[in-house]
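In what follows, a structure is listed as structure tokens, so that the remarks can point back to it.
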Amino acid sequence: SEEFFRKADKLNVVGQLAAGLAHEIRNPLTSLKGFLQLMKESDKRRVEHCEIMLSEVDRMNSIINELLIFSKPQPKVLKRNDIGTLLYSVINLLEAQATMNGVQVYIEIHGDLPPICCSEVDIKQVFVNVLKNAIEATPNGGKIQIVAFEQLNELMIRIKDEGVGIPTDSLHRLGEPFYTTKEQGTGLGLMMCYKIIHDHKGNLSIRSALNQGTTVDIELPVTD
Ligand code: ADP
Ligand code: MG
């Protein structure tokens, strides 16, 4: 059966974040230190080991970059945005990745969407993160459906995939910093999404069924 998950208040995560960050950075550092020590002696597999070290550095860099975006209170530019336009631009941005994965992205906009007062950069970031997850979860030949409509003074953006889904007992971990099931994942994407949507006084909820797919509902308040 399909399990539904709503994030109530998992946003107070500073301690968790610090512990996770320490862990995430210490592992690659340990590996770097080991290889550097080896090199100090003399290392016959130098090129290979340098490649590993470079990828560890890249990984730390991407974690730090994501965290910087998260922690640095950037001056927010709130203005009226057409959500349809933002969605189309994000689909455009990820089109190459979707095509490479053999995934089709469809979008349906019902009626005239009211403009939404929001930070364009932040809301695009949310759409990018959610759509990326959907693409990554979807097997070759699969499809992703994006639907947007107005409902009771809220704008609903629904992103539905037919991908691998999420096991029921993992649903509560979504949005937890560094929770990832991917080899190259950072586990920071959904945390950022929850934070941004919360800052916009909206709501993000996820329901999923294993091997059937995942639906992410993003609701944003309509104001005049
Ligand atoms: P990352 O993508 O770096 O792993 P996220 O915070 O974006 O970090 O996602 C955390 C985890 O949630 C993913 O590793 C994956 O296990 C799960 N997840 C998120 N979105 C989906 C989805 N659409 N389908 C299946 N699993 C998902
Ligand atoms: Mg992600």
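In table form, for the structure just shown:
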| read-out | value |
| --- | --- |
| Among residues of the stretch 40-67, those that are loosely packed, with under 15 Cβ neighbours inside 10 Å and in contact (Cβ under 8 Å) with a residue 60 or more places away in the chain, counted | 1 |
| Residue match in the stretch 178-192 (condition: part of a helix (DSSP H, G or I), more than 13 Å from ligand 2 (Cβ to nearest atom), closer than 24 Å to Asn65 by Cβ and of a type outside the set (A, V, I, L, M, F, W, C)) | no |
| Subset tally (residues that are part of a loop (DSSP other than H, G, I, E, B) and modelled with pLDDT of 85 or more) for the stretch 33-57 | 2 |
| Residue check, Gly189 over 22 Å from Ser89 (Cβ atoms), under 17 Å from the mean Cα position of the chain (by Cα), near ligand 1 (Cβ under 8 Å from one of its atoms) and buried (at least 17 other Cβ atoms within 10 Å of the Cβ) | no |
| Qualifying positions in the stretch 193-216 - more than 9 Å from ligand 1 (Cβ to nearest atom) and outside any loop (DSSP other than H, G, I, E, B) | Tyr194, Lys195, Ile196, Ile197, His198, Asp199, Asn203, Leu204, Ser205, Arg207, Ala209 |
| Residue among Leu87, Leu78, Leu94 that is away from ligand 1 (no atom under 16 Å from the Cβ) and either of a type in the set (S, T, N, Q) or buried (at least 16 other Cβ atoms within 10 Å of the Cβ) (or both) | Leu87 |
| Ile135, sole failed condition from (1) away from ligand 1 (no atom under 16 Å from the Cβ); (2) in contact with a helix residue (DSSP H, G or I) (Cβ under 9 Å, 6 or more places away or on another chain) | (1) |
| Only listed residue being modelled with pLDDT of 95 or more, closer than 20 Å to Gly185 by Cα and hydrophobic (A, V, I, L, M, F, W, C), chosen from Val147, Val103 | Val103 |
| Within the stretch 64-146, strands (runs of 3 or more DSSP E) holding 1 or more residues that are in contact with a strand residue (DSSP E or B) (Cβ under 7 Å, 6 or more places away or on another chain) and hydroxyl-bearing (Ser, Thr, Tyr) | 104-109, 116-119 |
| Tally, over the stretch 147-164, of residues that are in a loop (DSSP other than H, G, I, E, B) and either over 22 Å from Met100 (Cβ atoms) or within 12 Å of ligand 2 (Cβ to nearest atom) (or both) | 2 |
| Ala148 within 16 Å of Asp217 (Cα to Cα), over 18 Å from the mean Cα position of the chain (by Cα), surrounded by 16 or more Cβ atoms within 10 Å (Cβ to Cβ) and not charged (D, E, K, R) | yes |
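Yes/no per residue for (1) over 24 Å from Val121 (Cβ atoms); (2) touching a Ser or Thr at 6+ places or on another chain (Cβ under 7 Å); (3) of a type in the set (D, E, K, R):
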{"site": "Gly175", "(1), (2), (3)": "no, no, no"}
{"site": "Lys182", "(1), (2), (3)": "yes, no, yes"}
{"site": "Leu188", "(1), (2), (3)": "no, no, no"}
{"site": "Lys201", "(1), (2), (3)": "no, no, yes"}
{"site": "Leu204", "(1), (2), (3)": "no, no, no"}
{"site": "Arg207", "(1), (2), (3)": "yes, yes, yes"}
{"site": "Thr223", "(1), (2), (3)": "no, no, no"}
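One line per residue, one yes/no per condition, for (1) touching a residue at least 60 places away in the same chain (Cβ under 8 Å); (2) within 16 Å of ligand 2 (Cβ to nearest atom):
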residue	(1), (2)
Cys117	yes, no
Gln125	yes, yes
Ile135	no, yes
Lys143	no, no
Leu171	yes, yes
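The values are calculated or read from the model by the stated rules, or taken from the named source; none is laboratory data. Everything numeric here is computed off the predicted structure, so don't read it as measured data. Positions of Cβ are backbone-derived with ideal geometry, glycine not excepted, and every protein chain shown enters the neighbour counts.
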